[in-house]
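Asker: Before anything else, here's the structure in question.
The values are calculated or read from the model by the stated rules, or taken from the named source; none is laboratory data. None of these values were measured; they are calculated from a predicted model. Positions of Cβ are backbone-derived with ideal geometry, glycine not excepted, and every protein chain shown enters the neighbour counts. The protein model used for the area step is the full one, side chains on, heavy atoms only, and it has no ligands, DNA or RNA in it. Shrake-Rupley method; radii C 1.70, N 1.55, O 1.52, S 1.80 Å.
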Amino acid sequence: MLKHPFAVERHQEKAQGPAPSLESEVNVTGPIQSPYVGDLVLGALDGSVTTFAVVAAATGAGQPASIVLIIGIANLFASGVSMALGNYLGTKSEEEFREKHRRREEYETERFPELEKEEVRKIFADKGFQGEDLERAVEIITSNKKIWVETMMRDELRISPEVRSPWQSGLAMLTAFILAGSVPLLPYLISLFGPGFRTLALSSSVVMTFAAIFGVGTARSLVTGRRWWIAGVEMTVIGAIASLIAYVIGRVLGILLGL
């Protein structure tokens, strides 16, 4: 008699030994639990840093404001779309992985309820439940199939039952990337309308970009729970290093190529 593939896979996993206790997992969460905050913060950071790095490199190579804008805008949309699509595919893969294990747990709770109840009992025993409290917890959890399955996914398989929309994740990344990435280009756009602004384009771009990066860093503290000013300074230092490297490389290449 052929075994169901979920049953075979489960048997193989159990043969490898029990899952680690819940207390061995370190769970770090920030005060904001929105599933898309991380996408917004990462998109804004990458948008501002990568665009400014391109701007700094082009400026270091002695390119005029019009060329800097063309290169910067092309990079902004190309990189933004690339990151958004990558985020979409990554989130989609996560959801497919989660759905696969959800179906497997649903199958097991239907076909092997006693075995699954015993696993729930072990999970809550590891949490400190004993005696009647333990049996009551098992009874409550296993009386609701949805809660039962989610408990097995989260506490046995270490898979969050939280569902994220792939297209919303990609859209959040793209929006944040383009909005933040536009900041370094604004001074160069303004400089096209007045010669007096051209000498201030780079310095203005530096100030505006690092103000934006610092702001993104403080927003990151909403996810990590760290102090806002530490997160802001850390992000600004990272952006400064990347931008300085880009500017120096652009400057050296400009000299070597006679630009």
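Asker: Could you give the angle, 0 to 90 degrees to the nearest 10, between helix 228-256's Cα long axis and the longest principal axis of the Cα atoms of the chain?
Answerer: Result, in degrees: 50.
Asker: Under a 5 Å amide H to amide H cut-off, with H placed in plane at 1.01 Å, what residues pair with Ile159 once short-range neighbours are removed?
Answerer: Excluding prolines and chain starts, which carry no amide H, the hits are Arg154.
Asker: Let me ask something else about it. Beyond a 20 Å Cα-Cα separation, which of these cross-linked pairs lie in this structure: Lys100/Lys122; Lys100/Lys146; Lys117/Lys145; Lys122/Lys145? Walk me through the numbers on the way to the answer.
Answerer: Values: Lys100/Lys122 23 Å; Lys100/Lys146 15 Å; Lys117/Lys145 11 Å; Lys122/Lys145 18 Å.
Pairs exceeding 20 Å: Lys100/Lys122.
Asker: Just by accessible area at a 1.4 angstrom probe, what is the order of Ser203, Ser48 from largest to smallest? Before the final figure, lay out the partial values.
Answerer: Numbers: Ser203 60, Ser48 0 Å².
Listed by decreasing accessible area, they come as Ser203, Ser48.
Asker: Hey, which aspartates and glutamates would be in cross-link range of Lys92, C-alpha to C-alpha under 15 Å, not counting anything within fewer than 8 residues on its own chain?
Answerer: Partners within reach: Asp39, Glu162.
Asker: Please work out the C-alpha center-to-center distance from the range 90-160 to the range 29-89 and express it in whole Å.
Answerer: Spelled out, the Cα-based centre of one part sits 41 Å from the other.
Asker: If DNA, RNA and ligands are ignored and the probe is 1.4 Å, what is the ranking of Lys146, Lys127 by accessible area, most exposed first? Walk me through the numbers on the way to the answer.
Answerer: Details: Lys146 135, Lys127 75 Å².
Heavy-atom accessible area, descending, gives Lys146, Lys127.
Asker: Further question on the same structure: Taking the Cβ-Cβ separation of Ile140 and Gln168 as r and a Förster radius of 30 Å, what is the calculated FRET efficiency to the nearest 0.05?
Answerer: Details: r = 33 Å, r/R0 = 1.10.
Efficiency, rounded to the nearest 0.05: 0.35.
Asker: Another question, then. Using protein chains only and a probe of 1.4 angstrom, how many square angstrom of Ile123 are accessible, to the nearest 10?
Answerer: 20
Asker: First check a/c for the range 83-130, with a ≥ b ≥ c the square roots of the eigenvalues of its C-alpha gyration tensor; if it is under 1.5, answer rounded, and if not, answer prolate when a/b is larger than b/c or oblate otherwise.
Answerer: Numbers: a/c = 8.11, a/b = 2.07, b/c = 3.92.
Note, shape of the range 83-130 comes out oblate.
Asker: Nearest 10 degrees, 0 to 90: what angle lies between the long axis of helix 65-111 and the longest principal axis of the chain (Cα atoms)?
Answerer: 0
Asker: If you don't mind, another one. Hey, if we sort Ile255, Ile67 by accessible area with the 1.4 Å probe, largest down, what's the order?
Answerer: Values: Ile255 115, Ile67 60 Å².
Order by accessible area, largest first: Ile255, Ile67.
Asker: Assuming 0.36 nm per residue, please report the length gained on full extension of the stretch Phe193 to Arg227 beyond their Cα-Cα distance.
Answerer: Using 0.36 nm per residue and subtracting the Cα-Cα distance, I get 8.1 nm.
Asker: What aspartates and glutamates does Lys127 reach when the alpha-carbon gap must be under 15 Å and sequence neighbours fewer than 8 apart in one chain are set aside?
Answerer: The reachable aspartates and glutamates, counting only those whose Cα sits under 15 Å from Lys127, are Glu23, Glu25, Glu118, Glu119, Glu135, Asp155, Glu156.
Asker: How would you order 96-108, 130-142 from highest to lowest mean count of nearby Cβ atoms within 10 Å?
Answerer: Output ranking for 96-108, 130-142: 96-108, 130-142.
Asker: Moving on. With each run of n ≥ 4 DSSP H residues scored as -39500 (n - 2.57), what mean residue ellipticity at 222 nm is computed for the chain after dividing by its residue count and rounding to the nearest 500 deg cm²/dmol? Each step should come with its number before you reach the end.
Answerer: On the way: 11 runs with 195 residues, N = 259.
It lands at -25500 deg cm²/dmol.
Asker: Heavy atoms only, probe 1.4 Å: what % of the accessible area of the range 108-228 goes to carbon and sulfur, would you let me know?
Answerer: The C+S portion of the solvent-accessible surface of the range 108-228 is 63 percent.
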